[in-house]
1. In what sequence do Asp13, Asp89 fall when counting other Cβ within 10 Å, fewest first?
2. Using packing as a proxy for protection, rank 145-152, 109-116 so that the peptide with the highest average count of other Cβ atoms within 10 Å comes first.
3. Going highest first, how would you order 32-39, 78-85 by mean Cβ packing within 10 Å?
4. Rounded to the nearest 20 Debye, what is the dipole magnitude of the chain about its Cα centre when Lys and Arg each give +1 and Asp and Glu each give -1 at the C-beta?
5. Find the all-direction average of the projected area of the Cα convex hull for the chain, expressing the result in square nanometres with one decimal place.
6. Most exposed first by the Cβ proxy, i.e. fewest other Cβ within 10 Å, how do Ile160, Ile62 rank?
7. When the Cα centres of segment 44-68 and segment 71-122 are compared, how far apart do they sit, in Å?
8. At Thr144 and Phe51, where each label point lies 7 Å from the Cα along Cα→Cβ, what is the point-to-point distance in nanometres?
Amino acid sequence: MEAAFSLGSNRGDRLAHLSRARDLLAATEGAALAAQSRVYETEPVGVRPEFSHLFFLNAVVIVESEYGPERWKARIGEIEDALGRVRSDDRYAPRNVDVDLLYVDDLVRSSADLTVPHPRWRERKFVVRPLCDVRPDAVLPGETRRVARVLEELEDPAGIELFAEKW
């Protein structure tokens, strides 16, 4: 099954955090890295003023495995913990790494602690732009448009700039 992950970091060595998260996802037993986007730098949105200078690096990686959404959710927690993510009541607090499961094949899940596809993926340029790098023609469950069309029509005020072609 194909799983897509959004990676983000706005603290410490941001690129190293993304690289390590990608490597840990790919090193998951029975998994293989299928694709990775370029890395983008994005303005933080919704953060407290004292964090507004901490720009994010964002990327998307695609992994092939037999894991379903629930198993990937547990693995994401392990990876974030291993990379020093500190959980906070402040949803927009700086973090070493943030890993979000965007989709797993065409599966749909909705529970108190897991929604797949990610419920806000199409609202965020920092997700859609890198996803378009690797899956421009994909149509995710619950959406009628290709990812490339979602990007074209996305009205997101946050700035986004290419940071790295290869990583």
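1. Ordered by Cβ neighbours within 10 Å, fewest first: Asp89, Asp13.
2. Highest-to-lowest ranking by the protection proxy: 145-152, 109-116.
3. 32-39, 78-85
4. Rounded to the nearest 20 debye, it is 180 debye.
5. The directionally averaged projection comes out at 9.1 nm².
6. By the 10 Å Cβ count, ascending, the order reads Ile160, Ile62.
7. Centre-to-centre distance over Cα atoms comes out at 10 Å.
8. 3.7 nm
Taken together, the values in this text are just the output of simple stated rules run on the coordinates, not laboratory data. Nothing here was measured: the structure is a model prediction, and the numbers come from that model. Note that each Cβ is placed from the backbone with ideal geometry, even for glycine, and that neighbours are counted across all protein chains shown.
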